[in-house]
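K.L.:
I am attaching a structure below and will ask some questions about it afterwards.
The values are calculated or read from the model by the stated rules, or taken from the named source; none is laboratory data. Quick caveat, the model's predicted, so the values are computed rather than measured. Heads up, the Cβs are rebuilt from the backbone with ideal geometry, glycines too, and the neighbour counts pull from every protein chain shown. Keep in mind that these areas ignore ligands, DNA and RNA; they rest on the heavy atoms of the full protein, side chains included. Shrake-Rupley method; radii C 1.70, N 1.55, O 1.52, S 1.80 Å.
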Amino acid sequence: MKKIFLMAIAAAAISFTSCGNKSNQAAPETVEANAEAKAAAENIISAMSQSIEKKDVAKLQEAVEQVRRQAAEFIANNPEEAKAYLTQVQTYLKENAESVKSVVGENTVASNAVNLLTNTSADDIVNGISNVLNTKAADVQEAGDAAVEEGKSKAAEKINEAAEKASQKVQEKVNEAKDKAVEETKAKTKETVNQAKEDLKKNLGF
């Protein structure tokens, strides 16, 4: 689910930056990739090469989507790694543009996907995806804060309900104690009165 989410926001971000930066089509700067980014780029380039050799447009499109997803994952950890990764892949696509075009042919979806990835600078892609990630993170934080506040409110309600029930029970116990004390007092008073009557009778000689 996380990978699908990253792929979706990467596609959206690339589309956005491409539309907003059509004048910025300079060749990507050479960036030294670290071991992980370099290995990932080499793997995806190998997959693209095989797709081109077999003229498999579906596999080529799948590889392009994987580039977007992998870039989003790199961005989440280290934007510089993402730039290095994207630059290496873009260089390959530019150098093999004719071969790629022969495979893509009239497939509009695949053609658009390749063009977006190839013609948008690595910096713009990284910035676009970062903005989307930050926006999503802010939305998640806001939703989380709202959930926390709602949880606090519900917890307060539960505490108040419990306190009210406890108060009612305490009052019931107090009332029971009062009633019991009144009854005991009545009984003792009656007993005292009766005893006094008996004593009075005895004193009067009855």
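K.L.:
In segment 1-8, is there at least one residue being modelled with pLDDT under 85, in a loop (DSSP other than H, G, I, E, B), surrounded by fewer than 19 Cβ atoms within 10 Å (Cβ to Cβ) and touching a helix residue (DSSP H, G or I) at 6+ places or on another chain (Cβ under 6 Å)? Walk me through it before giving the result.
P.N.:
At the first step, the residues of segment 1-8 found to be modelled with pLDDT under 85 are 1-8.
Among the residues that remain, those that are also in a loop (DSSP other than H, G, I, E, B) are: 1.
Checking which are surrounded by fewer than 19 Cβ atoms within 10 Å (Cβ to Cβ) leaves us with 1.
Keeping just the survivors that are touching a helix residue (DSSP H, G or I) at 6+ places or on another chain (Cβ under 6 Å) gives none.
No, every residue in segment 1-8 fails to be modelled with pLDDT under 85, in a loop (DSSP other than H, G, I, E, B), surrounded by fewer than 19 Cβ atoms within 10 Å (Cβ to Cβ) and touching a helix residue (DSSP H, G or I) at 6+ places or on another chain (Cβ under 6 Å).
K.L.:
Report every pair of residues separated by at least 6 positions or lying on different chains whose Cβ atoms are under 7 Å apart, first residue within segment 122-135 and of a type in the set (Val, Ile, Thr), second open to solvent by less than 40 Å² (accessible area, probe 1.4 Å) and modelled with pLDDT of 80 or more.
P.N.:
Ile125/Ala71; Ile125/Leu86; Val126/Ile75; Val126/Ala82; Ile129/Ala71; Ile129/Ala72; Ile129/Ile75
K.L.:
I need a count of the residues in segment 61-70 that are open to solvent by less than 10 Å² (accessible area, probe 1.4 Å) and within 26 Å of the chain's Cα centre (by Cα).
P.N.:
So in segment 61-70, the residues open to solvent by less than 10 Å² (accessible area, probe 1.4 Å) come out as 63-64, 67.
Then drop every residue that is not within 26 Å of the chain's Cα centre (by Cα), which leaves 64, 67.
Going through segment 61-70 one residue at a time, the tally reaches 2.
K.L.:
Is it the case, given these coordinates, that Glu73 is open to solvent by 60 Å² or more (accessible area, probe 1.4 Å), out of contact with any Asp or Glu (no Cβ under 8 Å at 6 or more places or on another chain), farther than 14 Å from Leu117 by Cα and acidic (Asp, Glu)? Can you show your working first?
P.N.:
Working: open to solvent by 60 Å² or more (accessible area, probe 1.4 Å): no; out of contact with any Asp or Glu (no Cβ under 8 Å at 6 or more places or on another chain): yes; farther than 14 Å from Leu117 by Cα: yes; acidic (Asp, Glu): yes.
It is false that Glu73 is open to solvent by 60 Å² or more (accessible area, probe 1.4 Å), out of contact with any Asp or Glu (no Cβ under 8 Å at 6 or more places or on another chain), farther than 14 Å from Leu117 by Cα and acidic (Asp, Glu).
K.L.:
Examine segment 81-89 for a residue that is open to solvent by 50 Å² or more (accessible area, probe 1.4 Å) and either over 27 Å from the mean Cα position of the chain (by Cα) or at pLDDT 80 or above (or both), and state whether such a residue exists.
P.N.:
The first filter runs over segment 81-89 and keeps only residues open to solvent by 50 Å² or more (accessible area, probe 1.4 Å), leaving 88.
Next, only the ones that are either over 27 Å from the mean Cα position of the chain (by Cα) or at pLDDT 80 or above (or both) stay: 88.
Within segment 81-89 (the criterion being open to solvent by 50 Å² or more (accessible area, probe 1.4 Å) and either over 27 Å from the mean Cα position of the chain (by Cα) or at pLDDT 80 or above (or both)), the answer is yes, since at least one residue qualifies.
K.L.:
Here is a follow-up. Can you work out which of the residues in segment 106-120 that are of a type outside the set (A, V, I, L, M, F, W, C) and out of contact with any Lys or Arg (no Cβ under 9 Å at 6 or more places or on another chain) is surrounded by the most Cβ atoms within 10 Å (Cβ to Cβ)? So that I can check it myself, show each step before the final result.
P.N.:
Applying the first criterion (of a type outside the set (A, V, I, L, M, F, W, C)) to segment 106-120 yields 106-108, 111-112, 115, 118-120.
This time we only want the ones that are out of contact with any Lys or Arg (no Cβ under 9 Å at 6 or more places or on another chain), so: 106-108, 112, 115, 120.
On the way: Glu106: 7, Asn107: 15, Thr108: 9, Asn112: 15, Asn115: 16, Thr120: 26.
The selected residue is Thr120.
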